[in-house]
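Some notes on the structure that comes next.
Computed from the coordinates by the stated procedures, all read-outs in this text should not be read as laboratory data. For clarity, every value in this text was computed on a predicted model and none was experimentally measured. Here the Cβ is made from the backbone with ideal geometry for all residues, glycine too, and neighbour counts use every protein chain on show.
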Amino acid sequence: MMVLEDLEVKGEEGSKMEIELKEKNENEIVFIIRDAEVPFVNAIRRIAMMEIPKIAIEDVNIVKNDSAMFDEVLAHRLGLTPLFSDAEAIEGLVFSEDCECEDYCPKCSVSFTLNKTGPGVVYSKDLSSTDSKIKSVYDTIPLLKLKDDEDVELEAVAKLGFGKDHAKWIPTTVCSYKQYPKITFNDELEVDYGCAEACPRGILKADKRSKKIKVNNIENCSMCKSCVRASENKYVDVGYEKNNFIFRLETDGSMTPEEVLLKACDVLSEKTEKFISFCKGGRT
Ligand code: SF4
Ligand SMILES: [Zn+2]
């Protein structure tokens, strides 16, 4: 697998893609990509959402459900409950379509059971897994509500899948990029302080002492152009830098954002290798 430092690659002659980390926490990463092309950045985005293996509940055998919630709705909620799917957790698991079994087996699936009696709310932590590494990421996702003496009893089977097949296998909750904003002022015109007042994000700040408008945290500019519309003399203009991007990726907790990115790079690299091999006349 690639490491984060490997993400620096040479582009067109004289250009070298650069990545600058802006923010990072457990579930979210924001970084700036400089000197890249839209198709490349978009390929990473699409692969991160659609082609990273993740485990999610696929089949639910409901033995008893006395609650007011329909079985189908309960199954849907279980499917969308994020389960730990990092490389260590899913190591050794195969896709069910590649497995020799007929329906499901320990090689291609992980079973959960849920047995609760009301009254009370049943949470994701109540799902008991046959695999200690694969369990609900969050303990407090409400699944259903049981009244006095109502029971729920079910078995749920989690399988590997891809986001392109169902949203429950998408590991990202946010995966987007925007071109880097570019704000320019026409210094030949009189300073129009009104454009700063029109900015809903506080990006533009009027500095009457220096007779200038200052730009704060330009990466937070949504390119809404409210400032441009408010400036009668067209003092300000907002555009974007064609080859520079701000990329934001947030996961549902099933794996870290770095893991999603690294896997996306591996998938893109594999696809590219196939193309190279095809072009060289080899087998794909
Ligand atoms: S484009 Fe919108 S967010 Fe950006 S500086 Fe202008 S008003 Fe503010
Ligand atoms: Zn199997």
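No disulfide-compatible partner, judged by a Cβ distance under 4.7 Å, exists for the following cysteines of the chain: CYS175, CYS199, CYS221, CYS224, CYS265, CYS279. Measuring against 25 Å, Cα to Cα, the residue pairs LYS212/LYS234; LYS211/LYS242; LYS214/LYS242; LYS64/LYS159; LYS64/LYS147 contain LYS211/LYS242 as the ones spanning a longer distance. Considering helices alone, the calculated mean residue ellipticity of the chain at 222 nm is -6000 deg cm²/dmol, with DSSP H runs of length four and up weighted by -39500 (n - 2.57) and normalised per residue. Helix 257-279 and the long axis of the chain differ in direction by around 80°, with both axes built from C-alpha atoms.
If R0 is taken as 25 Å, the Cβ-Cβ distance between GLU102 and ASP165 corresponds to a FRET efficiency of 0.80. Legend: residue pairs LYS22/LYS225; LYS24/LYS145; LYS107/LYS178, Cα-Cα distance threshold 32 Å; pairs beyond threshold, LYS24/LYS145; LYS107/LYS178. Our summary gives the chain a relative contact order of 26 percent, counting only alpha carbon pairs under 8 angstrom and 6 or more residues apart.
Using alpha-carbon positions, what is the distance between the centroids of region 122-168 and region 20-95, in Å? Going from one Cα centre to the other spans 15 Å. The mean sequence separation of alpha-carbon pairs under 8 Å and at least six residues apart, normalised by the residue count of region 155-273, gives a relative contact order of 33 percent. When you restrict to C-alpha pairs under 8 Å that are six or more residues apart and normalise by the size of region 54-167, the relative contact order lands at 41 percent. Along the axis of the charge dipole computed for the chain (Cβ charges of +1 for Lys and Arg, -1 for Asp and Glu, origin at the Cα centre), the listed residues VAL174, LEU21, VAL260 are led at the positive end by LEU21.
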